[in-house]
Amino acid sequence: VYFDNFEPASWKSKTGEMRGIYIDLMNEVLKQRLNINISQKGYPWARAQLLVQEGSADAFITFPTEERKKYVNVSREVVLYGENKIYARANNPIVPKLQQVRSLVDLKSFRFIDYIGNGWAQANLKGMDVHWVTSLDQVLEMIILKRGDIHISPSFVMRYQMVKAGVGDKIVELPQALSKIPAHLCI
């Protein structure tokens, strides 16, 4: 199972089929190379994780948090790396301050916008001011509407989302990478 709104990694097409980098990778590895018949479905991210935790689904691809490791086996090999970068409203007066940030500790005074089920955010933003929404589309909207200051996400995902939403002139990506995020197959 996958997050159904995490383009270009995974998303549900208008016909209901799952698309994306993760789907292509699993088709190649599991179907083509290992000849394993698989079913790939998408859900809101928190629900997809719950399905695996309950045993109603077998696997997902994500950052392996300590909480997730309690109910999945994590692949030794990384499926895909992403660089976590900071995103903010382009005309936000805090952007010069954000350009000086080198670690998460430097971000304690800012308000985050993040989506429910983001294990990296849940593990790393504890004690910080986080407004939770249900999708990446809402993350972008909330930043533009000044409901929060920043979002941290893998750059390959946010760049794609920004182009898709047509907000490249309204949201800026800060140049520094805060961390490299490994996505693993979690069974």
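The values are calculated or read from the model by the stated rules, or taken from the named source; none is laboratory data. On a predicted model such as this, the values are computed, not experimentally measured, just so you know. Ideal geometry is used to build each Cβ from the backbone, glycine not excepted, and the neighbour counts take in all protein chains shown. What goes into the accessible areas is simple: the full protein's heavy atoms, side chains included, and nothing from ligands, DNA or RNA. Shrake-Rupley method; radii C 1.70, N 1.55, O 1.52, S 1.80 Å.
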Among the candidates ASP169, ASP149, ASP129, residue that is under 30 Å from LEU51 (Cα atoms), open to solvent by 10 Å² or more (accessible area, probe 1.4 Å) and charged (D, E, K, R): ASP129
query: Taking ASN124 and the conditions (1) polar (S, T, N, Q); (2) more than 19 Å from ALA46 (Cα to Cα); (3) open to solvent by 30 Å² or more (accessible area, probe 1.4 Å), which numbered condition does it fall short on, given that it satisfies the others?
result: (2)
query: Within segment 72-84, is even one residue open to solvent by less than 50 Å² (accessible area, probe 1.4 Å), among the aliphatic types (A, V, I, L, M), modelled with pLDDT under 95 and under 24 Å from VAL167 (Cα atoms)?
result: no
task: Provide a single number: the residues in segment 172-185 that are open to solvent by less than 40 Å² (accessible area, probe 1.4 Å), closer than 20 Å to ALA121 by Cβ and under 15 Å from the mean Cα position of the chain (by Cα).
output: 6
Selected residue (criterion: farthest from MET162 (Cα to Cα)) from residues of segment 8-23 that are open to solvent by 10 Å² or more (accessible area, probe 1.4 Å) and in contact with a Leu (Cβ under 8 Å, 6 or more places away or on another chain): TYR22
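Conditions tested, residue by residue: (1) small (Gly, Ala, Ser); (2) touching a residue at least 60 places away in the same chain (Cβ under 8 Å); (3) out of contact with any Gly (no Cβ under 6 Å at 6 or more places or on another chain).
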position: VAL130; (1), (2), (3): no, no, yes
position: SER135; (1), (2), (3): yes, yes, yes
position: VAL139; (1), (2), (3): no, no, yes
position: GLY148; (1), (2), (3): yes, no, yes
position: SER153; (1), (2), (3): yes, yes, yes
position: ARG159; (1), (2), (3): no, no, yes
position: VAL163; (1), (2), (3): no, no, yes
position: LEU174; (1), (2), (3): no, yes, yes
position: SER179; (1), (2), (3): yes, yes, yes
field: Residues located in segment 85-127, provided they are touching a helix residue (DSSP H, G or I) at 6+ places or on another chain (Cβ under 6 Å) and of a type in the set (Lys, Arg)
entry: LYS85, ARG89
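Mind listing whichever residues of segment 133-177 are among the charged types (D, E, K, R) and not in a loop (DSSP other than H, G, I, E, B)?
Residues of segment 133-177 among the charged types (D, E, K, R): 137, 141, 146-147, 149, 159, 164, 169-170, 173.
ASP137, GLU141, ARG159, LYS164, GLU173 - these are the residues of segment 133-177 that are among the charged types (D, E, K, R) and not in a loop (DSSP other than H, G, I, E, B).
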- line: Reported set for segment 73-97 where residues are closer than 25 Å to PRO8 by Cβ and among the hydrophobic types (A, V, I, L, M, F, W, C) is VAL74, VAL78, VAL79, LEU80, ILE86, ALA88, ALA90
message: All but one of (1) under 20 Å from the mean Cα position of the chain (by Cα); (2) crowded, with 16+ Cβ neighbours inside 10 Å hold for VAL95; state the number of the condition that does not hold.
response: (1)
